[in-house]
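The values are calculated or read from the model by the stated rules, or taken from the named source; none is laboratory data. Predicted, not measured: the structure shown is a model, and the values here were computed from it. Glycine gets a Cβ as well: all are built from the backbone with ideal geometry, and neighbour counts include every protein chain shown. Note: areas computed on protein heavy atoms with side chains; ligands, DNA, RNA excluded. Shrake-Rupley method; radii C 1.70, N 1.55, O 1.52, S 1.80 Å.
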Amino acid sequence: LTAGCLVILLKFPSATAVLTTWYVVVVIAREFLVTAIRGLVESSGRPFPADRLGKWKMVSQCWTIGALMTLAAGSQFWHWAAVGGYWVSLALTVVSGINYVWKARDILFAK
């Protein structure tokens with residue numbers, strides 16, 4: 001859902017004043033990575049639930065998307081929220097992706 005919203009928002013020049021294509025690629029790549037890791041780990045019989053960092057990532061992405069939607073609608077009032085959310089959600093996206101790799105390292109890097 002978030003990936004779809006971000007891709008659609010790339011069509012709005014007012015949103016792309018904040019939103020970049022590479023950010024959307026990073027978000028989508030992280031989602032594919034975590035989904036693949038989750039499938040691999042769970043296929044071994046081990047549970048692999050979402051963690052708190054991933055949930056905060058989702059909150060920050062939703063915040064950012066909401067603020068970007070107001071920009072696309074023509075309001076500049078939430079521009080500060082879009083910029084702040086952009087950077088916070090980017091950091092949380094990368095860090096939580098690394099965290100999931102770290103948590104699954106025993107299966108991912110098994111010899």
(request) Enter the angle in degrees (range 0 to 90, nearest 10) between the Cα long axis of helix 79-103 and the first principal axis of the Cα atoms of the chain, meaning the one along which they spread out most. (result) 10 degrees
(message) Which one, Leu90, Cys5, Thr20, projects farthest toward the positive side of the charge dipole computed for the chain from Cβ point charges (K/R +1, D/E -1)?
(response) Leu90
(message) Take Ala73 and Val7, extend 7 Å from each Cα along the Cα→Cβ direction, and tell me the distance between the two endpoints in nm.
(response) 2.4 nm
(request) For the stretch 1-76, give the percent of accessible area contributed by carbon and sulfur heavy atoms, probe 1.4 Å, rounded to a whole number. (result) 73 percent
(message) Before I look further, what does the chain give for accessible area per residue, probe 1.4 Å, in whole square angstrom?
(response) 59 Å²
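About its Cα centre, what dipole magnitude does the chain give when the only charges are +1 on Lys and Arg Cβ and -1 on Asp and Glu Cβ, stated in debye to the nearest 20?
240 debye
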(message) If I model a spin label at Val83 and Cys62 as a point 7 Å from the Cα along the Cα→Cβ vector, what separation in nanometres do I get?
(response) 2.6 nm
(message) Beyond a 27 Å Cα-Cα separation, which of these cross-linked pairs lie in this structure: Lys57/Lys111; Lys55/Lys111; Lys57/Lys103?
(response) Lys57/Lys111; Lys55/Lys111
(message) Between Ala110 and Leu33, what is the label-point separation in nm under the 7 Å Cα-to-beta-carbon projection?
(response) 2.2 nm
(request) Just flag the chymotrypsin sites (Phe, Trp or Tyr not before Pro) in the stretch 1-104 sitting in loop per DSSP whose Cβ has no more than 16 other Cβ atoms within 10 Å. (result) Phe77
(message) For the chain, what does the relative contact order come out to in percent, with C-alpha contacts under 8 Å and a separation of six or more?
(response) 34 percent
(message) If I ignore ligands, DNA and RNA and count only protein heavy atoms, how much of Val101 is accessible to a 1.4 Å probe, in Å² to the nearest 10?
(response) 40 Å²
(message) Please give the Cα centre distance for the stretch 1-76 versus the stretch 95-109, rounded to the nearest Å.
(response) 19 Å
(message) Need one value: the accessible area of Asp51 in square angstrom, 1.4 angstrom probe, rounded to the nearest 10.
(response) 30 Å²
(message) Apply the Karplus curve 6.51 cos²θ - 1.76 cosθ + 1.60, θ = phi - 60°, to the phi angles in the stretch 10-23 and return the couplings in whole Hz, x for Gly and Pro.
(response) 5, 7, 9, x, 5, 6, 6, 5, 10, 6, 10, 5, 5, 4
